Amino acid sequence: MISEELDLSTREKIMLMLKTSGELSIKAITEELAITGMAVRRHLSALERDELIASSTVRLPMGRPAAVYRLTEKADDFFPKKYHTVALELLSELEGDSSEIQVNHLFDLRQASLEKRYKAELHGKQLEDKVAALTALQHRNGYMATWRKHGDHEYELTEYNCPIYQVARTYNHACTCELQLFEALLEAEVTRTECLASAGQKCVYRIRAAAP
């Protein structure tokens, strides 16, 4: 049985059951959760609508064919991931085996790779259009980014989330590389006024055209 100590909704319990069992029928889910079949069907219908589960029909040794349910690829994002833990362990091993310089070099290589990948999308644009395009790129990458014009010749780019927050909090050179990346892509003067990895509520960048 699923532990009652876990404060999970019925739908979360169903997803956890499917994660551990692979495929289950309505009968199996009903018996495990000790609720009505009608209630189970209602939750399964909602999960199917959200594309978190899918069903197929299987033949049983006795009786009519029955529907079984399984998780979809989309459901994978529902379950916790500890990627940052693995990343930090690997970086710590590299730092111990070589030095912090080598760790920083990895972030430098990442910066160069991102600059090469994104430069074509910003090339030839005016600064305001570059800020908008960069914001869109960051938003697609999970940074929850927005921008606004700040005065006549200044812009503000804000990131409300940092996908590499745990890593950046330990290795602040990651933040330095992001600042340098923005400067290179925007070809502008960029100043960070707030940083999530340094106890801020968000990352805020002030952007202005570079001096001639």
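Within the stretch 60-87, track down each residue that is touching a Ser or Thr at 6+ places or on another chain (Cβ under 6 Å) and either at pLDDT 85 or above or under 20 Å from CYS175 (Cβ atoms) (or both).
ALA67, VAL68, TYR69, listed by residue number.
Quick check on the stretch 131-144. Is at least one of its residues of a type in the set (Lys, Arg) and touching a helix residue (DSSP H, G or I) at 6+ places or on another chain (Cβ under 9 Å)?
No, because not a single residue in the stretch 131-144 is of a type in the set (Lys, Arg) and touching a helix residue (DSSP H, G or I) at 6+ places or on another chain (Cβ under 9 Å).
Could you count how many residues in the stretch 171-212 are surrounded by fewer than 17 Cβ atoms within 10 Å (Cβ to Cβ) and among the β-branched types (Val, Ile, Thr)?
Selection size over the stretch 171-212: 3.
Identify the single condition in (1) polar (S, T, N, Q); (2) surrounded by 17 or more Cβ atoms within 10 Å (Cβ to Cβ); (3) in a helix (DSSP H, G or I) that THR158 does not satisfy, given that it satisfies every other one.
Unmet condition: (3).
Within the stretch 32-45, restricting attention to residues that are aliphatic (A, V, I, L, M) and loosely packed, with under 12 Cβ neighbours inside 10 Å, which residue is modelled with the lowest pLDDT?
The selected residue is ALA34.
Being at pLDDT 85 or above and not in a loop (DSSP other than H, G, I, E, B): is that true of LYS27 here?
yes
Just name the residue that is modelled with the lowest pLDDT out of those in the stretch 117-174 that are among the polar types (S, T, N, Q) and farther than 15 Å from TYR205 by Cα.
Within the stretch 117-174, the match that is modelled with the lowest pLDDT is GLN166.
Filter the stretch 24-62 for residues that are among the β-branched types (Val, Ile, Thr) and under 16 Å from THR10 (Cβ atoms) and give the result.
ILE26, ILE29, THR30, ILE35, THR36, VAL40, ILE53
Keeping to the stretch 149-188, report how many residues are under 12 Å from VAL131 (Cα atoms) and acidic (Asp, Glu).
Residues meeting the conditions: 4.
Looking at the stretch 187-209, is at least one residue at pLDDT 95 or above and in a helix (DSSP H, G or I)?
Within the stretch 187-209, not a single residue is at pLDDT 95 or above and in a helix (DSSP H, G or I).
The values are calculated or read from the model by the stated rules, or taken from the named source; none is laboratory data. The model shown is predicted, which means the values in this text are computed figures rather than measured ones. Heads up, the Cβs are rebuilt from the backbone with ideal geometry, glycines too, and the neighbour counts pull from every protein chain shown.
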